[in-house]
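Quick notes on the structure that follows.
The values are calculated or read from the model by the stated rules, or taken from the named source; none is laboratory data. Since this is a predicted model, take the numbers as computed values, not measurements. Every residue, glycine as well, gets a Cβ built from its backbone with ideal geometry; the counts of neighbours run over all protein chains shown. For the accessible areas, the whole protein counts, side chains as well, though only heavy atoms, and no ligand, DNA or RNA atoms are used. Shrake-Rupley method; radii C 1.70, N 1.55, O 1.52, S 1.80 Å.
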Amino acid sequence: MDLPGGLITALKNADKVLVLTGAGMSAESGVPTFRDAQTGLWAKYRPEDLATPEAFARNPQTVWDWYEDRRKKVREVRPHAGHSALVEMEQHFSSFLLVTQNVDSLHQQAGSSDVVELHGNIMRSICSLTGKAIDADWISAHPGRPPASPHHARGLARPGVVWFGEALPEHVMKRALAAASSCDVCFSIGTSSLVQPAASLPFAALSAGAVIVEINPVPTSLSAAAQFSLQATAADALTAILAGLSRCR
Ligand code: APR
């Protein structure tokens, strides 16, 4: 694909890069985006109605089963060329932080060295009452849907992800915000820019003077503010950017 004029020059002049990714980053690997229509058994639910502490309190089995279905899909997918391009891009900058809203570990599988998971990880489980980690062996040895928690008599295992209405781990958001306020370039890739506080990161970077590069086939609330808004898929845009960088350095 053709890149907008000035983009590679802006990247060549950058030392510190922050990358924020969302569900669209995983779409080309085959993980449905969060706001895609649900299919099959789940078509009658909205994700926003399942990914909440209230939904889990009301009906833990439905929520657990939905996450089991998502875990099954995630186990079957592999990173795509866009994930690999982000790994290679690390070499081109003195500081490169990848912050993701995705819970599927695809960046880590691709080989990204430093990934901040804003919304946790779907493969992990935690106690619904204490928040303590529950290891995978316990989950497979206890057949409940969800299994009981080993940490509290009334606790249940729940997915180790951040639900709507829950706060992000403080250290995680602090690190992401520090990177946003000091980066030269901030990429926003495959996110609808609707969910806070993640959506505020590129705006924080913009206020601090960073160049914003958005990659999304569909315009978002960030598009008008971004210096470079690439209406393309993550794989196409990132492979083109990596090729441009490799030619120039
Ligand atoms: N490449 C780049 N972007 C894409 C692609 C693609 N191949 N396919 C789709 N997109 C874009 C869509 O246009 C949309 O703007 O990805 C975005 C996905 O948006 P959402 O499904 O809203 O996902 P996200 O922004 O990550 O949601 C944020 O919401 O519910 C929470 O915890 C959940 O982490 C998630 C958060």
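Quick notes on this structure:
- Rounded to 0.05, the FRET efficiency of the GLN61 and LEU194 pair, given R0 = 30 Å and the Cβ-Cβ distance, is 0.55.
- Calculated Rg and Dmax of region 153-237 using C-alpha coordinates, Å: 15.3, 53
- Pair SER246, LYS73: separation of 7 Å Cα→Cβ label points (nm): 3.1 nm
- Taking every C-alpha pair closer than 8 Å and separated by at least 6 residues, the mean separation divided by the residue count of region 100-193 gives a relative contact order of 25 percent.
- Charge tally in the Cβ shell below 13 Å around VAL195, where Lys, Arg are +1 and Asp, Glu are -1, VAL195 excluded: -1
- Debye-formula intensities of the chain, expressed as log10 I(q)/I(0) at q = 0.10, 0.17 Å⁻¹, are -0.50, -1.26 (one equal scatterer per alpha-carbon, no solvent).
- Helices meeting the span-like rule in the chain (full DSSP H runs, Cα extent of at least 20 Å along the helix axis, mean Kyte-Doolittle score of 0.5 or higher): 234-248.
- Rounded FRET efficiency, nearest 0.05, which uses the C-beta distance separating ALA81 from HIS142 and R0 of 41 Å: 0.55
- Taking all protein chains together and rolling a 1.4 Å probe, TYR67 ends up with roughly 10 Å² accessible.
- Computed over region 79-138, the P(r) curve from all C-alpha pair distances, binned at 5 Å from the origin, holds 4, 17, 23, 20, 14, 9, 8, 5, 1 percent per bin.
- Relative contact order (%) - region 131-185, alpha-carbon pairs under 8 angstrom, separation at least six: 21 percent
- Taking a sphere under 14 Å around the Cβ of HIS83 and counting the other residues whose Cβ falls inside, with K and R at +1 and D and E at -1, yields a net charge of -4.
- Since only PRO217, LEU177, PRO150 are under comparison, the one whose Cα sits farthest along the positive direction of the charge dipole of the chain, derived from C-beta charges on Lys, Arg, Asp and Glu, is PRO150.
- Of ASP137, ASP49, ASP69, the one that fluctuates the most in a GNM where the chain has Cα springs shorter than 10 Å: ASP137
- In terms of distances greater than 23 angstrom between alpha carbons, the cross-link table entries LYS16/LYS73; LYS44/LYS73; LYS73/LYS132 yield LYS16/LYS73; LYS73/LYS132.
- Candidates LYS44, LYS12, LYS73, ranked by Gaussian network fluctuation over the chain, Cα under 10 Å, top entry: LYS44
- Cα-centred dipole magnitude for the chain, charges only on beta-carbon of K, R (+1) and D, E (-1), debye, nearest 20: 380 debye
- Accessible area of the chain belonging to carbon and sulfur atoms, whole % at 1.4 Å probe: 52 percent
- Student exercise, region 129-236 dipole from Lys, Arg, Asp, Glu Cβ charges, in Debye to nearest 20: 420 debye
- A simple spin-label model places the labels of SER95 and ARG175 1.4 nm from each other, with each point 7 Å out along Cα-to-Cβ.
- Across the options TYR45, ILE134, ASN102, the greatest Cα extent toward the positive end of the charge dipole of the chain (unit charges at beta carbon of Lys, Arg, Asp, Glu) belongs to ILE134.
- About its Cα centre, the dipole of region 85-165 is roughly 580 debye, where the only charges are +1 on Lys and Arg Cβ and -1 on Asp and Glu Cβ.
- Surface analysis of region 36-146 yields an accessible area of 51 Å² per residue, using protein heavy atoms and a 1.4 Å probe.
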